[in-house]
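The values are calculated or read from the model by the stated rules, or taken from the named source; none is laboratory data. Only a predicted model underlies this, so the values are computations on that prediction, with no experimental measurement involved. So basically every Cβ, Gly included, is an ideal-geometry build from the backbone, and we count neighbours across all protein chains shown.
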Amino acid sequence: MGLTKYSSHVPLKEKYLNGSSVKIEYHNNFLIASTEVRVTEKEGGYQDLITWDQLPDAARDALASTVWDLTPMSLYGTEMPLKDGELTMTLEKAWPFD
């Protein structure tokens, strides 16, 4: 999984919650060509969650069939985390509960 890493936030601190919603932000570090989602204290909008199967076929096919060898991701052996089979494995590795 290359640069993929996980950290546990269980139990989640109150400052990262808004009611029953978790406050999450997308972060892009251009200096090291790294992106991540992380918990935040910042307020923001709400996004509907969808599953991989809810994506249109064209979107799933494009994400799964792109040749990532032509991107910075390939330098670290990182797989596109949403492609078929990869997301389930990533979620299982990141699951913080026993």
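Out of the residues in segment 42-56 meeting the condition of being in a loop (DSSP other than H, G, I, E, B) and surrounded by 10 or more Cβ atoms within 10 Å (Cβ to Cβ), tell me which one is farthest from the chain's Cα centre (by Cα). Break it down into steps so the answer makes sense when it comes.
Keep residues of segment 42-56 that are in a loop (DSSP other than H, G, I, E, B), which gives 42-51, 55-56.
The next check asks that each one be surrounded by 10 or more Cβ atoms within 10 Å (Cβ to Cβ); those that pass are 44, 55.
Working: 44: 18, 55: 16 Å.
Taking the candidates together, the pick is 44.
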Matching option when the condition is modelled with pLDDT under 70 and in contact with a helix residue (DSSP H, G or I) (Cβ under 9 Å, 6 or more places away or on another chain), among 79, 41: 79
Tally of residues being within 19 Å of residue 95 (Cα to Cα), surrounded by 12 or more Cβ atoms within 10 Å (Cβ to Cβ), touching a residue at least 24 places away in the same chain (Cβ under 8 Å) and more than 14 Å from the chain's Cα centre (by Cα) across segment 12-39: 2
